[in-house]
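These notes are about the structure you will find just below.
Quick note: the coordinates plus some simple rules give every number you see, no bench work behind them. It should be emphasised that the depicted structure is a prediction, and the values quoted were computed from it without experimental measurement. Heads up, the Cβs are rebuilt from the backbone with ideal geometry, glycines too, and the neighbour counts pull from every protein chain shown.
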Amino acid sequence: SQQGEEDPQALSIQEGENATMNCSYKTSINNLQWYRQNSGRGLVHLILIRSNEREKHSGRLRVTLDTSKKSSSLLITASRAADTASYFCATDGGGSYIPTFGRGTSLIVHP
Amino acid sequence: NAGVTQTPKFRVLKTGQSMTLLCAQDMNHEYMYWYRQDPGMGLRLIHYSVGEGTTAKGEVPDGYNVSRLKKQNFLLGLESAAPSQTSVYFCASSYTARRTDTQYFGPGTRLTVL
């Protein structure tokens, strides 16, 4: 079974706009990670947020974590066409540090 | 530093045929993983290894076998391929899984079973 579920499944925006995608999970976690997958490629790690953190930034990426709501969000500011990709959240918990991946959000950024 | 590499990139099999997918990493990582990715299903863990000579089952292990004879290599075998095994297979590695750690992924192998 998969732990995290991303929402929306697909997102289409114009270049320059912000993109927000969400991840919800069911049980308590150790930490949460976000990965990006360009078409036809493997996943690439973007950011890790620990269960005791509420917000983390990396360049144009902002990740928040609300453990009381069991949810996380990934915000990409000032999106670019090169941000077109699928984005996955990965959670680990229940005594294991092996991440479980969600189904992903497909983001299309139109130039 | 090649990272994680996978061989082959594409393969077409007939039902009942066997094949082995090879994953290699040059980062001296202890942990290695095999995932399959199907449309709308995300990544599902098939098998993983916590070190040379060890393997363990993941979420969807049936129909697959694995071996880790050398630390840098992790092999995924299909003894008798079935159409349900048509998928994209990704190998990944991480330094450890005793704490949350970044996984490094290979480029994938696209397998079609007719």
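Could you pull out every residue, at least 5 positions away or on a different chain, whose amide H is within less than 5 Å of the one on B:T86? Hs are placed 1.01 Å off N in the peptide plane, and Pro or chain starts have none.
It is B:V113, by chain and number.
Have a look at the DSSP beta bridges in the protein assembly as shown and tell me what percent are antiparallel, nearest 5.
Working: 72 of 81 bridges.
Around 90 percent antiparallel, to the nearest 5.
Which value in nm describes the separation of the simple spin-label points at A:H110 and A:N30, placed 7 Å from the Cα toward the beta carbon?
Spacing of the two 7 Å Cα→Cβ label points: 4.3 nm.
Hey, any idea what Rg/Rh is for chain A, computing Rh the Kirkwood way over Cα pairs? It would help to have the intermediate numbers written out before the result.
Values: Rg = 13.3 Å, Rh = 13.9 Å.
Checking Rg against Rh, the ratio lands at 0.96.
So for the pair B:D26, B:E59, with labels modelled 7 Å out along Cα→Cβ, what separation do we get in nm?
According to this spin-label approximation, the distance is 3.2 nm.
What's the exposure ranking of B:R44, A:R60, A:R103, A:R54, going from fewest to most Cβ atoms within 10 Å?
Values: B:R44 18, A:R60 14, A:R103 21, A:R54 11.
By the 10 Å Cβ count, ascending: A:R54, A:R60, B:R44, A:R103.
Would you tell me the mean number of C-beta atoms belonging to other protein chains that fall within 10 Å of each C-beta in A:42-51, as a whole number? List each step's numbers first, then the result.
Working: counts 15, 10, 4, 6, 1, 1, 3, 1, 1, 1.
Per residue, the average neighbour count from other chains is 4.
Rounded to whole Hz and in sequence order, give me ³J(HN,Hα) for the range B:18-24 from the Karplus expression 6.51 cos²θ - 1.76 cosθ + 1.60, θ = phi - 60°, writing x for Gly and Pro.
The phi angles translate into 10, 6, 10, 9, 10, 10, 9 Hz.
Most exposed first by the Cβ proxy, i.e. fewest other Cβ within 10 Å, how do B:M32, B:M19, A:M21, B:M27 rank? It would help to have the intermediate numbers written out before the result.
Values: B:M32 30, B:M19 16, A:M21 24, B:M27 13.
The order, fewest Cβ neighbours first, is B:M27, B:M19, A:M21, B:M32.
Regarding the protein assembly as shown, what is the average projected area of its C-alpha convex hull, in nm²?
On the way: hull surface 48.6 nm².
It is 12.1 nm².
If the convex hull of the alpha-carbon atoms of chain B is projected onto planes in all directions, what is the mean projected area in square nanometres? Provide the component values of the computation, followed by the final result.
Values: hull surface 26.4 nm².
For the Cα atoms of chain B, the hull's average projected area reads 6.6 nm².
Only four residue types carry charge here, +1 at the Cβ of Lys and Arg and -1 at the Cβ of Asp and Glu. Report the dipole size of chain A about the Cα centre in Debye, rounded to the nearest 20.
On the way: 12 positive and 10 negative charges, 37 e Å.
Magnitude of the dipole: close to 180 debye.
For the range B:74-114, take every pair of Cα atoms, bin their distances at 5 Å starting from 0, and report each bin as a whole percent.
Pairs per bin, as whole percents: 6, 20, 21, 18, 14, 11, 8, 2, 0.
Once phi is turned into ³J(HN,Hα) by the Karplus curve 6.51 cos²θ - 1.76 cosθ + 1.60 with θ = phi - 60°, what whole-Hz value does each residue of the range A:13-24 show in order, with x for glycine and proline?
9, 9, 4, x, 6, 8, 10, 10, 10, 10, 9, 10
In debye, nearest 20: dipole of chain B around its Cα centre with unit charges on the Cβ of K, R (+) and D, E (-)?
Values: 12 positive and 8 negative charges, 26 e Å.
That gives a dipole near 120 debye.
Once every Cα of the range A:1-63 carries one equal point scatterer and solvent is ignored, give the base-10 log of I(q)/I(0) from the Debye formula at q = 0.29 Å⁻¹, two decimals.
Listed by q, the Debye log ratios stand at -1.50.
Can you count the Lys pairs in the protein assembly as shown whose Cα atoms are under 23 Å apart, with each pair 8 or more apart or on different chains?
10
Rg and Dmax of the range B:1-49, Cα atoms, in Å?
For the range B:1-49, the Cα radius of gyration and maximum Cα-Cα distance read 13.0, 37 Å.
Stokes-Einstein diffusion coefficient for the range B:15-74 at 4 °C in a medium of 1.567 mPa s, Rh from the Kirkwood formula over Cα pairs: what value in µm²/s? The partial results should precede the final answer.
Working: Rh = 12.3 Å.
D = 105 µm²/s.
Describe numerically, in nm with one decimal, the distance between label points set 7 Å from Cα along Cα→Cβ at A:H45 and at B:F10.
Spacing of the two 7 Å Cα→Cβ label points: 3.2 nm.
What's the exposure ranking of B:W34, A:W34, going from fewest to most Cβ atoms within 10 Å?
On the way: B:W34 28, A:W34 24.
Neighbour counts put them in this order, fewest first: A:W34, B:W34.
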